[in-house]
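Take a look at the structure below.
Read the figures in this text as sums done on the coordinates, not as results from a lab. Quick caveat, the model's predicted, so the values are computed rather than measured. Cβ placement follows ideal geometry from the backbone for every residue including glycine, while neighbour counts extend to all protein chains displayed.
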Amino acid sequence: MTSTILEPLLPPVRVAASPLADADRKPLAKKEVAADHPTWCPGCGDFSVLALYFKLIEKRKLWHEKITTIAGIGCSSRFPYFVQSHGAHFIHGRALPFASGVSLSRPDLHVFVFGGDGDAFSIGGNHFTHTARRNVKMTYVVMDNFVYGLTKKQTSPTSPIGFKSKTDMWGSLDQPINPMKQAIAAGATFVARTTHTNPNHVLQMMEAAMDHDGFGFIECLSECVEFYEGAFDAANPRKGGAFNQVPADHDPTDEFAAYKLADEAFPGRFGIFYKVQRATKNANEAKITKKTQEKFLGQADWQILKKTFDRLK
Amino acid sequence: MSETTLSVPSGGGPTQISSISEAVIRIAGNSQDGIQAIGGFLARLAGRSEQEVMTFMTIPSTISGGPSIFQVRIGSGEVLSAGDEADVLLAFYQHSYEGHVQSVKKGGIILFDSDHVEVNPEWQQTWRHVGVPISSLTVESIGGTARDKGKNLFALGLVAKMFDLNVLKLTKLITERFAGKDESIVKNALLAFNAAYGYSMEGILETFQFVEGKKREGQQVVMNGNESLGYGLIAAGVRFGAGYPITPWSDIMELLRRELPKYGGSFIQCEDEIAAVSMALGAGYAGRVAVTGSSGPGVSLKTEAIGWAVMAEIPLVVVDVQRGGPSTGMPTNVEQSDLNIACFGGHGDSPRVVLAPANVEDCFYTAIEAVNIARDYSVPVILLTDQAIATRIEAFEEPDIEKVCQDISPDLTPVLDHKPYDLSAPNGVTRHVAPGTRIQSGKYPIVTGLEHDELGHPTGSPKLHTQMTAKRRSKLQALAARLPLPKVFGPAEGNVLLVGWGSTQGPVREAVEKARAGGDSVSSLHLKYINPLPNGLETIFSGFNHILVVEINDEGLYGFGQLAALLRARYADPKIRAINKCDGLTFKVREILEGVRVKLAATSPAPLLASNPAAASA
Ligand SMILES: Cc1ncc(C[n+]2csc(CCOP(=O)(O)OP(=O)(O)O)c2C)c(N)n1
Ligand code: SF4
Ligand SMILES: [Mg+2]
C-alpha cells in the first residue's frame, strides 16, 4: 500500500444513562415538550400549530427521542427551537430533502417538518414537487400566512392578487399558487387543509397525516398578525366567516374531485382533499435493498467487497 | 519503448523479437468502436501480469459517439504517467490517423485500418506505417454479417500479437467480460480476436516482448479512479448517498446506486444538487456520514448547504470530480480549478477540510480518510479529484479489505445529558448524538445554521459568535497538527522543489527523474491535505531556492495558480511561484520541464537547468 492514512480517533466514551423503560413512561405533558419560549409576535397563528403539535405528542404517546422536528427558514420555521425533541433548523427552502435523508436512513423515527409558504412553494418549490412524487414518509405542515413574515412583508407565492406588500406596493400581480392543486398534481398521497383558528380540526388533520404511510401534507392557514392581519377572517366563524368542511360525500381517492374541490373560491374547504395508498420511497428502496441482500446472506460487508475486487483482477 | 529502437526498418525475413521495458499505445477511433474496451482489456491484463499500467482516455462529449482515444502505457518498471508520446498508434479512421499521428514519437509505428485510412506519403518518412484491413478481416472472421462490430477485438488481437501478450489470460478476460451475455457475443469476440492473432505480420513487423517485471507480492486490482473512490466510500462504511448526474461524477453515483443495496444502504438520485447535499446532510445528521458529489456546476449549487454543515457541525463527504470550468466549461476535460471553491466556497467564515488523492489507488484510501475525518471532527470534507484520475485505469495492490472495512453505525446508547456545541470539548470538537438517542435530562439538541449557544439555541451574543467561530476553526487547527508531513520525492534539499496536488503526481515525479538524470537539482512534494495544510511545510520549503507549484489552472490575475496563491498567503514566501496551464489536458513531462526552465530563466541570468527539456521526453 503506497497510501498512508490518518488513523481515526477513538469516539468519546459515552456515560450510559438508564432511563425508565417505555412501558413505565407517562405521555409527555406540555411542560416536558416545550423548549424555548416562541419568538413569534403575540397573536401569531403559529402559536396554535405549536400547541397542537404538543397535544399530538401527548395524545399519541410519542417520545422525545423518537421524533425529529425539522424546518427551513422563516418565522414558522423557527419551530424546532420551541420543541424538546431532536431537531434541525436547516437552510431556506431545503427542509424537505434534508428530512428525506433522515426518513430514508432512519425508519425508526417520526419525521415532522414545519415551514412557511415561501419556504415551501417558492425557494423550495422544486423540492416540494419531488418529495411529494417520491412519497417519502414524513408529516409536513406548511403554516401558510400568504406573506413573507420573517423578512417583513414581501409578496409570497400564495399572496392573493392585489395584496399590497413591500415588493408589490401596487398590489401583487402574479397568480398565486394553490397548495392543494400543487400537491395533488405533484403526486402527493395525503393532502389536507386546515386553519389555526380551529384547534380540534388542526389536531385531527395532524393525526391523520401522521398515520398516513407516506408523504402527509397539510396546509394550515396561520395568520401573520403583523403583516397580513385579518387574512383568514373569512374562514373564522368568530370573525363572521365560515369554516366549510370538505363535504361528507367527497371521495378522497378521487383525484379529479379533489382538484375540483381545491378550485372553490377563498376561503375554500377544510379537511382531507386527497388520500391514496401508494408505495413509499422508503418501502421501494427497502425492497431493492432486501432483494439485493438476499444474494449475499450470511456474508460480512468485507466479504462482499472482496468478491467485487476479485472480479477486478 | 526503450531498449530497442523502432526506427530501424525490419525489412523482410523471419519475425524478429525485440525486448522492451515499456510501451505507450494510443488507440484512436470512434467511441462506438469500443475503444475503451480494448484499453480496459490491456490494463487488466497488465494488472494480472508483472507489468505496471496506466491509461489515459478522452470521453467524447457528444452522445452519439464521435472521436475517442484510449492511451495505455505498460511497463516492466514503475509507470508514473500515461506517457507524453506514443510508441504505437492504432488508427481506425482517416481522422484518427491525421489527428493523432503527431502524438507518436518519430520512428514510432502507425498501425492503421487500410480499409479506411489513406496513407500520407510524406509521413512515411517519419513513422513506420503498417496497414491491416481491420474492418474487412473482422467481418470475414465473424462470418460475413457485413457489420464490423468486433473491430476492437480484432485490434486487440493485433496488439496481442505484436507485443507477444499472454493469449490465455486475454481469452479468459474476454470470456469473463461477456459472461452472462448471449453466447454468440463471446463466440464472435473470440473469433475476431483469434483471427487477428493468427494474422501473419511476418516480414512486416517484429514482435516486441516486455522484459520481466519485478515480482509482485500481492494481487493487483485494476480499475479507474471513480470506481476506486466509490469502493473506498463503501469500505469506509458509507451506506447512504444522494446526487444528481453530471460528467464525470455520474459514474460514482451509478456505482453507489448499484452497490450500496448489497450492504443494506441506498443512493438516491435527487431533483438537483441542492436537494442531494441536503439529503446527504439529513442522513449524516441521522447518525451516519453520507456522501454527495458533483462536478463544478453542481458543487457551486451545494455551497450554501456546505456552509450549513460547517455551522451546524454535521459530518459530510462531498466529492468534486473537477472538469474544465467555469460554468459548463469543458465537461470532458481535466482541470484543477475548483481548489478555491473547495477551500473557500460559500459565505461567512466556514473552515472545512479538503483532500486531494494523487492517483487511482489513493482514491480508495483517501475516501476512507475523508469519512473518518468528517466523523472525528464533525465537519464537511471535500474530496477533490479530477477528470484525469476519474477515468484513467491503473493497477494497484489489492487492499487488505477485511482490515480496511469499518462499521460506522450510529451509537444510540442513552445519555444523561448532552450539549452539541460544548465549548469545553477538547479542541472544540463536537460529537453529536444522533436522533433516536434518549437524553435523560430531557434537554434535546437542535442542530442549526443560526449562530447558537452550546445547546444549539439561537443567540445574538457577540461573545458566543466569537467563541463558536473560534471553536469551528480550532478543531481544524487540531487536525492540522495531526496530519503527516508529505515526503519529498528526491533529495530533501536542493535548487528546485516542484509542488503538485491531485492527478499531476505522476508527470511531476517523472519530470523530477528526467531533470535529475540530466544533472539538475529538482525534487518534488505532493500535497494531499489541501485544507488545512499540515504543519511544518515551511521547513521543507526552506531547503530549496525555488518552490514551483505545478497545477492545471490559470495563473490568475496576480500570476499564481490556486494552490500557489494559497501557499503564498499561508507562508508569505516570495520564492513560491507557479507553473500553470489550462488546455484541458494532463501535464506532459516535457511541459513541466519547460515551465521550470522558463521560471528559472526569469529569475536568474544563468540557466539553472542544464538538461534540455525538449529532449527530456525521448
Ligand atoms: C437563500 C436564502 N434566501 C433568502 C433568505 C431570506 N429569507 C428568510 S425567510 C424568508 C421568507 C420567509 O417566508 P415564509 O417561508 O413564508 O415564512 P414565514 O416567515 O412567513 O413564516 C426569506 C426570503 C434566506 N434566509 N436564505
Ligand atoms: S411576523 Fe407574522 S408570521 Fe412572523 S411571528 Fe410575527 S405574526 Fe407571526
Ligand atoms: Mg409566510
| task | Could you work out how far helix B:589-603 tilts from the main Cα principal axis of chain B, as a 0 to 90 degree angle to the nearest 10? | result | 60 degrees
| field | Computed over chain A: relative contact order in percent, which uses C-alpha pairs under 8 Å that are six or more apart | value | 15 percent
| task | Would you order A:Trp170, B:Trp123 from fewest to most other beta-carbon atoms within 10 Å of each residue's own beta-carbon? | result | A:Trp170, B:Trp123
| note | Fewest-first ordering of A:Tyr53, B:Tyr197 by Cβ atoms within 10 Å yields B:Tyr197, A:Tyr53
| remark: Residue by residue through the range A:249-266, the couplings from Karplus 6.51 cos²θ - 1.76 cosθ + 1.60 with θ = phi - 60°, in Hz, x for Gly and Pro, are 8, 5, 8, x, 8, 8, 4, 5, 4, 5, 5, 5, 4, 6, 7, 4, 5, 3
| Quick one: Cα centre-to-centre distance for the range B:275-333 and the range A:236-257, in angstrom? | 44 Å
| Sum of -39500 (n - 2.57) over DSSP H runs of 4+, divided by residues of the protein assembly as shown (222 nm, nearest 500) | -10000 deg cm²/dmol
| What residue among B:Tyr285, B:Ile341, B:Ser266 has its Cα farthest toward the positive end of the dipole of the range B:207-351, where the charges are +1 on Lys, Arg and -1 on Asp, Glu, each on the Cβ? | B:Ser266
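Only bridges whose two residues both fall in the range B:279-388 count here: according to DSSP, what percent of them are antiparallel, nearest 5?
On the way: 1 of 15 bridges.
Given both bridge residues lie in the range B:279-388, the antiparallel proportion sits at roughly 5 percent.
Under 8 Å for C-alpha pairs, at least 6 residues apart: give me the relative contact order for chain B, rounded to a whole percent. Don't jump to the answer; show the numbers that get you there.
Numbers: 1356 pairs, mean separation 71.2, N = 618.
Relative contact order of chain B: 12 percent.
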| Estimated vicinal HN-Hα couplings, Hz - the range A:217-224 in sequence order (Karplus 6.51, -1.76, 1.60; Gly, Pro = x) | 10, 10, 9, 10, 4, 9, 5, 8
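Is the shape of the range B:342-481 best called rounded, prolate or oblate, per the rule: a/c under 1.5 gives rounded, else a/b larger than b/c gives prolate, else oblate, with a ≥ b ≥ c the square roots of the Cα gyration tensor eigenvalues? Mind showing how you got there, number by number?
Details: a/c = 2.90, a/b = 1.62, b/c = 1.79.
It is oblate, given that a/c is not under 1.5 and a/b is not larger than b/c.
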| Debye, to nearest 20: dipole size of the range A:90-244, +1 on Lys, Arg Cβ, -1 on Asp, Glu Cβ | 240 debye
| query | With point charges of +1 on the Cβ of Lys and Arg and -1 on the Cβ of Asp and Glu, referenced to the Cα centre of the range B:341-481, which listed residue (B:Pro458, B:Pro420, B:Ile373) lies farthest in the positive direction of the dipole? | reply | B:Pro458
| said: Given an 8 Å cut-off on Cα distances and at least 6 residues of separation, report the relative contact order of the range B:271-364 as a percent. | reply: 24 percent
| query | For B:Lys463, which lysines qualify as cross-link partners when the Cα separation must be under 24 Å and same-chain residues fewer than eight apart are set aside? | reply | B:Lys419, B:Lys443, B:Lys471, B:Lys475
| Filter on A:Lys59/A:Lys152; B:Lys161/B:Lys214; B:Lys302/B:Lys588; B:Lys302/B:Lys514; B:Lys487/B:Lys599 - keep pairs with C-alpha separation over 30 Å | A:Lys59/A:Lys152; B:Lys302/B:Lys588; B:Lys302/B:Lys514
| task | With everything on Cα atoms, drop me the angle between helix B:505-517 and the longest principal axis of chain B, reported from 0 to 90° to the nearest 10. | result | 60 degrees
| Amide H contacts of B:Ala395 (H built 1.01 Å from N, under 5 Å, at least 5 apart or other chain) | B:Val53
| task | Specify whether the C-alpha gyration tensor of the range A:1-138 places it in the rounded, prolate or oblate class, a ≥ b ≥ c being the square roots of the eigenvalues: rounded for a/c under 1.5, otherwise prolate if a/b is larger than b/c and oblate if not. | result | oblate
| said: Which of B:Phe396, B:Phe92, B:Phe70 has the fewest other C-beta atoms within 10 Å, and how do the rest follow up to the most? | reply: B:Phe396, B:Phe92, B:Phe70
| request: Kindly write out, for the range B:544-560 in residue order, the coupling ³J(HN,Hα) from the Karplus curve 6.51 cos²θ - 1.76 cosθ + 1.60 (θ = phi - 60°), rounded to whole Hz, with x marking Gly and Pro. | output: 10, 7, 10, 10, 10, 8, 9, 8, 8, 7, 7, 6, x, 4, 10, x, 9
| task | Using only Cα atoms, tell me the angle between helix B:35-48 and the longest principal axis of chain B; keep it within 0 to 90° and round to the nearest 10. | result | 80 degrees
| request: Among DSSP beta bridges lying fully in chain A, give the percent that are antiparallel, nearest 5. | output: 20 percent
| said: Quick query: amide H of B:Leu316 versus all other amide H atoms, modeled in the peptide plane; which residues come in under 5 Å with a sequence gap of 5 or more or a different chain? | reply: B:Val379, B:Val381
| Cross-link list A:Lys306/B:Lys403; B:Lys105/B:Lys151; A:Lys31/A:Lys55; A:Lys290/A:Lys313; A:Lys306/B:Lys262: which exceed 18 angstrom alpha carbon to alpha carbon? | B:Lys105/B:Lys151; A:Lys290/A:Lys313
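Kindly work out what percent of the DSSP beta bridges joining two residues of the protein assembly as shown are antiparallel, to the nearest 5.
Working: 35 of 123 bridges.
In the protein assembly as shown, approximately 30 percent of DSSP beta bridges are antiparallel ones.
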| Zero-based 10 Å bins, Cα pair distances in chain B, whole percents | 3, 15, 24, 24, 17, 10, 4, 2, 0, 0
| query | Toward the positive end of the charge dipole of chain A, about the Cα centre and with charges on Cβ (Lys, Arg +1; Asp, Glu -1), which of A:Met138, A:Ala283, A:Ser85 goes farthest? | reply | A:Ala283
| field | Sequence-distant residues sharing a close amide H with B:Ser18 (under 5 Å, placed H) | value | B:Thr207, B:Phe208, B:Gln209
